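Take this structure, written in structure tokens, and hold onto it; I'll ask about it next.
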Amino acid sequence: MTESWPRGVFPARLIDTLHQSGAILTGRPFDHDQVQPASLDLRLGKTAFRVRSSFLPGPSHSVAERIEALKLHEIDLTKGAVLERGCVYLVPLEESLALPAEVSASANPKSSTGRLDVFTRVIGDRARGFDQLPAGYSGPLYLEISPRTFPILVRTGSRLSQMRFRHGDTRLSMEQHKALHASDTLVIGGEQPVGDGVALSIDLLGEGRNGLIGFRSKRHTAVVDVDKKGALDVLDFWEPLHNRGGGELILDPDEFYILVSLEAVHVPPTHAAEMVPFDPLVGEFRVHYAGFFDPGFGHSAAGGTGSRAVLEVRSREVPFLLGHGQSIGRLIYEKLAEPPDRLYGSAFGSNYQAQTLKLSKHFKPYAG
């Protein structure tokens, strides 16, 4: 059998081709900026279901069947609705899939979603895992949403999650990571090794930022409208954190933090990257909600020189001491299926190119 799709992560042109061929189905056209350089933003549908608990449908059930058994009430999203912190919601997405036999998909929260501490996971019918759709999957998509820190205002068409499509095992090996770093310099600064991915460490000195090392979320805040950019005052929602000389920070398990990597990250135009899930060997904390890094992130030709990885951090069960330069995450690189027709950068409405320490797009710039 001849394979009709090239191997690798699909850039924007191939995502458009999937849509045109009927592999990505939706009741209305894509938004003009919905297709990103190597991912597709997913849009909320018309109804949210407040459910008693998170779940996986398992091989014998559809998501709709599980919702019917667990739902507490339905919420109309067509005019906007507030999703409360600490609650679990399931929302049918506007997009559904009829993937070719060799094409799989995975999902992650959008960067802005993760920076608001909104926990999201995509679920498909008869799924055994979150955020993973096997090759050839055909069926609806649902988004589990659980705001952890701030109540959020969403509506039909709001975009909280993103999906990446691929053919084959696209992750680079240890030797391929080393070779790509040698040719394209994947990280600048810090002393973390490049091997099975690119290790990142934490910046707790704040040099060049007047000692600003991060932000800790406040409690009992106003609602965040996820579709409004630059509308909120930082100090109404966040407490700035500064280096007090020791280069250390104790994470409180009841708090949410925005921190930044010591290293500048570079994703060459020929590749995409993903922050891998929490590794318990590096400490008792969780890093990463939003894991996709598109081709061109941190690329000088796309205006991204010096782009850092912003990290959404929670301690686990106990307080945990972080020190400057401590390992905190790992990027895995994947080869694109073909050269991209667009790169991550300001010319395409990207919000976080050339970032250092930056909150989500919903907040006004913070001068410190």
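The values are calculated or read from the model by the stated rules, or taken from the named source; none is laboratory data. Computed from a predicted model, the values in this text were never measured in an experiment. For neighbour counting, all protein chains shown are included, and Cβ atoms are generated from backbone atoms with ideal geometry for every residue, glycine included. Note: areas computed on protein heavy atoms with side chains; ligands, DNA, RNA excluded. Shrake-Rupley method; radii C 1.70, N 1.55, O 1.52, S 1.80 Å.
Please work out which residue is modelled with the lowest pLDDT, limiting yourself to segment 315-326 and to residues that are open to solvent by less than 30 Å² (accessible area, probe 1.4 Å) and outside any loop (DSSP other than H, G, I, E, B).
Across segment 315-326, the extreme among qualifying residues is SER315.
Would you be able to say whether some residue in segment 138-147 is assigned to a loop (DSSP other than H, G, I, E, B) and not acidic (Asp, Glu)?
The answer is no, given that none of the residues of segment 138-147 is assigned to a loop (DSSP other than H, G, I, E, B) and not acidic (Asp, Glu).
Any residue in segment 262-283 that is over 16 Å from HIS177 (Cβ atoms) sitting within a Cβ distance under 7 Å of a residue that is surrounded by fewer than 21 Cβ atoms within 10 Å (Cβ to Cβ) and at pLDDT below 60? List the pairs, counting only those 6 or more apart or interchain.
As it stands, the answer is none, since no pair meets every condition given.
Go through segment 138-169 and give me each residue that's surrounded by 20 or more Cβ atoms within 10 Å (Cβ to Cβ), among the hydroxyl-bearing types (Ser, Thr, Tyr) and either under 25 Å from THR270 (Cβ atoms) or out of contact with any Ser or Thr (no Cβ under 6 Å at 6 or more places or on another chain) (or both).
Scanning segment 138-169 gives TYR142, SER158.
Return the residues of segment 69-93 that are in a strand (DSSP E or B) and closer than 18 Å to SER158 by Cα; say none if nothing qualifies.
Restricting attention to segment 69-93, the residues satisfying the condition of being in a strand (DSSP E or B) are 71-76, 81-83, 88-93.
Listed by number, the residues that qualify are GLU74, ILE75, ASP76, ALA81, VAL82, LEU83, VAL88, TYR89, LEU90, VAL91, PRO92, LEU93.
Still on this structure, please answer the following. Quick check on my filter: what residues within segment 169-189 are over 23 Å from the mean Cα position of the chain (by Cα) and charged (D, E, K, R)?
GLU175, LYS178, ASP184
For segment 206-279, please list each of the strands (runs of 3 or more DSSP E) lying entirely inside it that holds at least 1 residues being touching a Phe, Trp or Tyr at 6+ places or on another chain (Cβ under 9 Å) and not hydrophobic (A, V, I, L, M, F, W, C).
212-217, 238-242, 257-265, 271-275
Just a yes or no: is a residue in segment 178-193 assigned to a loop (DSSP other than H, G, I, E, B) and of a type in the set (Ser, Thr, Tyr)?
The answer is yes; a qualifying residue exists.
Collect the residues in segment 193-233 that are open to solvent by less than 40 Å² (accessible area, probe 1.4 Å), closer than 22 Å to GLY291 by Cα, more than 20 Å from the chain's Cα centre (by Cα) and not acidic (Asp, Glu), keeping them in residue-number order.
The answer is VAL194, GLY195, LEU204, ILE213.
Which members of segment 121-145 meet the condition of being within 22 Å of SER217 (Cβ to Cβ) and modelled with pLDDT under 95?
Residue satisfying the conditions is ARG121 alone.
Okay, next question. What residue, among those in segment 7-58 that are in a strand (DSSP E or B) and more than 24 Å from GLU338 (Cα to Cα), is most open to solvent (accessible area, probe 1.4 Å)?
ARG50
Now for a separate question. Scan segment 248-263 for residues that are out of contact with any Asp or Glu (no Cβ under 9 Å at 6 or more places or on another chain), surrounded by fewer than 21 Cβ atoms within 10 Å (Cβ to Cβ) and of a type outside the set (D, E, K, R) and jot them down.
Selection gives ILE250 alone.
While we're here: Which of the residues belonging to segment 223-266 are in contact with a Ser or Thr (Cβ under 7 Å, 6 or more places away or on another chain), modelled with pLDDT of 95 or more and of a type in the set (A, V, I, L, M)?
Answer for segment 223-266, where residues must be in contact with a Ser or Thr (Cβ under 7 Å, 6 or more places away or on another chain), modelled with pLDDT of 95 or more and of a type in the set (A, V, I, L, M): just VAL226.
Could you list, ordered by first residue, the pairs with Cβ atoms under 7 Å in which the first is in segment 204-223 and under 16 Å from ILE250 (Cβ atoms) and the second is of a type in the set (D, E, K, R), at least 6 apart or interchain?
LEU204/GLU248; ILE213/ASP203; PHE215/GLU239; ARG216/GLU239; ARG216/GLU255; SER217/ASP117; SER217/GLU255
Here's a follow-up. What is the number of the single condition among (1) at pLDDT below 95; (2) surrounded by fewer than 22 Cβ atoms within 10 Å (Cβ to Cβ) that PRO109 does not meet?
Exception for PRO109: condition (2).
Next question, about the same structure. Which numbered condition in (1) charged (D, E, K, R); (2) at pLDDT 95 or above; (3) under 30 Å from PHE237 (Cα atoms) is the only one that ARG166 fails?
Of (1) charged (D, E, K, R); (2) at pLDDT 95 or above; (3) under 30 Å from PHE237 (Cα atoms), only one is false for ARG166: (3).
Taking into account only those residues within segment 295-314 that are open to solvent by 10 Å² or more (accessible area, probe 1.4 Å) and of a type in the set (Ser, Thr, Tyr), which is modelled with the highest pLDDT?
Applying the filter and picking the extreme gives SER300.
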